[in-house]
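Have a look at the structure below before the remarks.
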Amino acid sequence: MAEKKDKQVTFKIEGRSYEGLHEESLLGALRRYGYVVPSLCYHEAVSSYGACRLCLVEVKKGKRQKLTTSCNYPVLEGIEVFLDTPKVIEHRKLILQLLMAMAPAARQVTELAAEYGVTETPFVKDEGQECIKCGLCSRVCKELVGADAIGFSGRGLAKQMVSPYDEANQACIGCAACVVVCPTDCIGLKEDDHVRSIVRWHRDLPMHKCDKCGRAFAPTFLLTHFAKQIKVDKSFFDSCPDCR
Ligand code: SF4
Ligand code: SF4
Ligand code: FES
């Protein structure tokens, strides 16, 4: 199976031939070759979830041509990919209207919609909402950080990305990876000399100060976690990276 995944295949984008890896993410391959495809929920370091549905393309496989999200579509020998076809644009505009209703306060969505001439939505707006429920934060937290501290709760319109019981979760190490990847910047990080707060998850972690220069450089809890993970004594993190 691993062998098959490493196999080079040839496929076409807008009529031009390219090489790719068998079953790699089509969106990843498109980006590698410089093609611009809008997306909000894709990150090459974690599994694709196909949540925002913005990365639509048309793919021809054999005699069949269909509309599909590209982040979770596998590159295969002989497929032909078409990017901004009338069908793709029509569906992408509809998706932008849906996202504008789901997260009307998300500037990133409004700006992207404006690029497609979409300035209003016919759907009922969830006023004040910024989260597009893409799940990228929880995939990063689980698959990269290994903390699994957040997840979806509820179903349908009540579905929300939260920490368990919407309370601070001790499993959250305060690394802020989720804050960095969130496409609508709606998690929030606050930090001063004493506390780092991951706002959306209600997690407040005391900061550790460098024993040499006195600068608060990371939450103590996070440093203890790292020390355990890389198997060094926790005194390794007494000083900040600049003084170490
Ligand atoms: S800050 Fe907490 S919730 Fe966010 S990725 Fe790190 S451990 Fe997970
Ligand atoms: S908080 Fe951000 S990353 Fe997480 S589901 Fe919402 S929009 Fe996506
Ligand atoms: S990037 Fe493909 S569905 Fe969001």
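Structure values in brief
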{"item": "Every residue from the range 43-92 that is small (Gly, Ala, Ser) and either within 16 Å of ligand 1 (Cβ to nearest atom) or farther than 16 Å from Tyr33 by Cα (or both)", "result": "Ala45, Ser47, Ser48, Gly50, Ala51, Gly62, Gly78"}
{"item": "Sole exception among (1) in contact with a His (Cβ under 9 Å, 6 or more places away or on another chain); (2) outside any strand (DSSP E or B) for Ile89, by number", "result": "(1)"}
{"item": "Asp193, sole failed condition from (1) modelled with pLDDT under 95; (2) within 27 Å of the chain's Cα centre (by Cα)", "result": "(2)"}
{"item": "Some residue of the range 190-201 being of a type outside the set (Gly, Ala, Ser), open to solvent by 30 Å² or more (accessible area, probe 1.4 Å) and farther than 30 Å from Met161 by Cα", "result": "no"}
{"item": "Enumeration of residues in the range 123-140 that are away from ligand 1 (no atom under 15 Å from the Cβ) and surrounded by 12 or more Cβ atoms within 10 Å (Cβ to Cβ)", "result": "Phe123, Lys125, Asp126, Gln129, Glu130, Ile132, Lys133"}
{"item": "Members of the range 3-53 found to be over 15 Å from Asn72 (Cβ atoms) and of a type in the set (Ser, Thr, Tyr), listed by number", "result": "Thr10, Ser17, Tyr18, Tyr33, Tyr35"}
{"item": "Members of the range 92-106 that are open to solvent by 30 Å² or more (accessible area, probe 1.4 Å) and part of a helix (DSSP H, G or I)", "result": "Lys93, Leu94, Gln97, Leu98, Met102"}
{"item": "Test result for Arg16, open to solvent by 20 Å² or more (accessible area, probe 1.4 Å) and free of Cβ contacts under 8 Å to residues at least 12 places away in the same chain", "result": "yes"}
{"item": "Conditions (1) in a helix (DSSP H, G or I); (2) open to solvent by 70 Å² or more (accessible area, probe 1.4 Å); (3) touching a strand residue (DSSP E or B) at 6+ places or on another chain (Cβ under 6 Å): number failed by Phe226", "result": "(3)"}
{"item": "Residue pairs meeting the criteria (Cβ under 7 Å; at least 6 apart or on separate chains; first touching a residue at least 24 places away in the same chain (Cβ under 8 Å), in the range 209-225; second open to solvent by 60 Å² or more (accessible area, probe 1.4 Å) and of a type in the set (Lys, Arg))", "result": "Arg215/Lys209; Ala216/Lys209"}
{"item": "Among the residues listed as Ala45, Ala51, the single one being in contact (Cβ under 8 Å) with a residue 60 or more places away in the chain, loosely packed, with under 15 Cβ neighbours inside 10 Å and under 28 Å from Glu143 (Cα atoms)", "result": "Ala45"}
{"item": "Residue satisfying condition, being open to solvent by 20 Å² or more (accessible area, probe 1.4 Å), within 25 Å of the chain's Cα centre (by Cα) and touching a residue at least 40 places away in the same chain (Cβ under 8 Å), within set Asp148, Asp185", "result": "Asp185"}
{"item": "Which numbered condition Leu157 fails, given (1) away from ligand 3 (no atom under 16 Å from the Cβ); (2) in contact with an Asp or Glu (Cβ under 9 Å, 6 or more places away or on another chain); (3) at pLDDT 95 or above; (4) part of a helix (DSSP H, G or I)", "result": "(3)"}
{"item": "Criterion: more than 13 Å from the chain's Cα centre (by Cα) and open to solvent by 60 Å² or more (accessible area, probe 1.4 Å) - qualifying residue of Glu143, Glu120", "result": "Glu120"}
{"item": "Filter result for Glu58 (farther than 20 Å from Gly135 by Cβ, assigned to a loop (DSSP other than H, G, I, E, B), in contact with a Leu (Cβ under 9 Å, 6 or more places away or on another chain) and open to solvent by 10 Å² or more (accessible area, probe 1.4 Å))", "result": "no"}
{"item": "For Val109: the one exception among (1) in a loop (DSSP other than H, G, I, E, B); (2) outside the structural domain of Ile230 (by TED's automatic domain parsing); (3) open to solvent by less than 60 Å² (accessible area, probe 1.4 Å)", "result": "(1)"}
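The values are calculated or read from the model by the stated rules, or taken from the named source; none is laboratory data. Just so it is clear, the model here is predicted, and its values are computed rather than measured. Every residue, glycine as well, gets a Cβ built from its backbone with ideal geometry; the counts of neighbours run over all protein chains shown. Only protein heavy atoms, including side chains, enter the accessible area calculation; ligands, DNA and RNA are left aside. Shrake-Rupley method; radii C 1.70, N 1.55, O 1.52, S 1.80 Å.
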